[in-house]
Structures are given as structure tokens and as C-alpha cells.
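S.K.: First the structure, then my questions, so here it is.
The values are calculated or read from the model by the stated rules, or taken from the named source; none is laboratory data. Note that this is a predicted model, so its numbers are computed, not measured. Because the Cβ atoms are built from the backbone with ideal geometry, glycine has one as well, and the counts that use them run over all protein chains shown.
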Amino acid sequence: MAATVLPFQSELIFAGLQVAGMAPAWLLVVVASLGNTLGTFVNYWLGLRLETAGAHRWLKVPDAQFAKAQRWWDRWGIWTLLLSWLPVLDLTTVMAGAMRTPLWQFTLLVAIAKTGRYIALALITAGLFG
């Protein structure tokens with residue numbers, strides 16, 4: 001749920017499990033990263049469906065302007081997926097679907113971002129409670 005557009009904070013559960021010693025930190029990182037990365041596929045699919053349904057036309061964005069936005073996304077915007085671990089920038093995963101980012105590229109960039117977040121969280125939690 002935490003990786004979708006639904007509000008949910010997986011960090012609290014992650015830190016609680018780590019502090020309680022329920023599993024080794026490396027396993028928590030793997031499971032949380034995998035689950036969070038897979039959850040972003042919901043957002044990607046939503047973006048893909050919105051684009052397929054012509055959502056940019058509902059918003060009165062001309063096709064030429066949308067094509068220009070797609071070119072910009074392909075060159076620069078895709079790198080915002082590395083910031084998808086931030087709550088507000090998680091919406092870039094929806095944009096990636098709407099811009100038809102190749103799934104392999106989407107998965108790689110989001111997995112790097114999500115894994116990095118949980119590694120940092122594990123280190124912070126270990127430092128505070130270790």
C-alpha cells in the first residue's frame with residue numbers, strides 16, 4: 001500500500017520490526033524494497049490507463065504539447081524516478097506510466113530509489129536504537 005497513491009507509512013512498521021529484532025536488517029531491507037517496488041506497478045498501471053484513455057485531452061493539453069512533454073520526460077524526467085522514495089515525488093511513478101516509460105527502466109530506477117531508502121532507514125534505526 002505504501003508504494004501506491006494510497007497514504008500509508010511503511011517506515012514506521014519497518015523501524016518497529018527492526019527494533020523488535022523480528023528479522024535481520026538485510027532481510028527487512030530486501031522484503032520492504034521488493035514490496036515497495038512492486039507496489040509502484042499499481043501507479044505505473046494507473047498512469048498507463050490514464051494516458052490510454054486520453055487524459056491529457058481531458059485536461060485540454062494539445063497533442064503536440066503532450067508529445068513535447070513526452071520527449072522531455074524521456075530525456076530528463078525519467079531521472080525523477082530516483083526521487084520516488086519521497087512521498088510527494090512518488091507521483092512520478094504515475095507519470096512514468098502515462099509517458100510509457102519502458103517497464104525495465106522504470107523498475108530499475110524505482111528499485112534503486114526504494115532500496116536506498118530502506119538501507120538508509122535501517123542504518124538510521126540501528127544508530128538510534130542499536
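S.K.: Being touching a Leu at 6+ places or on another chain (Cβ under 8 Å) and surrounded by 14 or more Cβ atoms within 10 Å (Cβ to Cβ) is the filter here; which residues of the stretch 15-27 pass it?
M.R.: Ala15, Leu17, Gln18
S.K.: Of all residues in the stretch 47-89 being among the aromatic types (Phe, Trp, Tyr) and assigned to a helix (DSSP H, G or I), which is farthest from Ser33 (Cα to Cα)?
M.R.: Within the stretch 47-89, the first condition is being among the aromatic types (Phe, Trp, Tyr), and the residues that meet it are 58, 66, 72-73, 76, 79, 85.
Okay, now just the ones that are also assigned to a helix (DSSP H, G or I), so 58, 66, 72-73, 79.
Details: Trp58: 35, Phe66: 32, Trp72: 28, Trp73: 25, Trp79: 19 Å.
Per the stated criteria, the residue is Trp58.
S.K.: Another question, then. Please enumerate the residues belonging to the stretch 28-60 that are more than 12 Å from the chain's Cα centre (by Cα) and surrounded by 20 or more Cβ atoms within 10 Å (Cβ to Cβ). Give the derivation first.
M.R.: Kept after step one, since they are more than 12 Å from the chain's Cα centre (by Cα), are these residues of the stretch 28-60: 28-32, 45-60.
Matches in the stretch 28-60: Leu28, Val29, Ala32, Gly47.
S.K.: Scanning the stretch 80-111 for residues that are of a type in the set (S, T, N, Q) and touching a residue at least 24 places away in the same chain (Cβ under 8 Å), which turns out surrounded by the fewest Cβ atoms within 10 Å (Cβ to Cβ)? So that I can check it myself, show each step before the final result.
M.R.: Of the stretch 80-111, the ones of a type in the set (S, T, N, Q) are 80, 84, 92-93, 101, 105, 107.
Those still in the list that are touching a residue at least 24 places away in the same chain (Cβ under 8 Å) too: 84, 93, 101, 105, 107.
Working: Ser84: 27, Thr93: 29, Thr101: 25, Gln105: 13, Thr107: 17.
So, considering only residues that are of a type in the set (S, T, N, Q) and touching a residue at least 24 places away in the same chain (Cβ under 8 Å), the one surrounded by the fewest Cβ atoms within 10 Å (Cβ to Cβ) is Gln105.
S.K.: Next question. Could you check the stretch 49-67 and list, in sequence order, the residues that are under 18 Å from Pro102 (Cα atoms) and not small (Gly, Ala, Ser)? Can you show your working first?
M.R.: Taking the stretch 49-67 and keeping what is under 18 Å from Pro102 (Cα atoms), we get 49-52, 66-67.
Passing the criteria: Arg49, Leu50, Glu51, Thr52, Phe66.
S.K.: Moving to a separate point now. Restricting the first residue to the stretch 15-41 and requiring it to be closer than 20 Å to Thr92 by Cβ, which pairs with a second residue that is part of a helix (DSSP H, G or I) and of a type outside the set (D, E, K, R) meet a Cβ separation below 6 Å and a spacing of at least six or different chains?
M.R.: Filtered contacts from the stretch 15-41: Ala32/Phe14; Ala32/Tyr118; Ser33/Thr115; Ser33/Tyr118; Thr37/Val110; Thr37/Ala111; Thr40/Thr93; Thr40/Val110.
S.K.: So which residues in the stretch 98-109 are modelled with pLDDT of 95 or more and assigned to a helix (DSSP H, G or I), if there are any at all?
M.R.: Within the stretch 98-109, Leu103, Trp104, Gln105, Phe106, Thr107, Leu108, Leu109 qualify.
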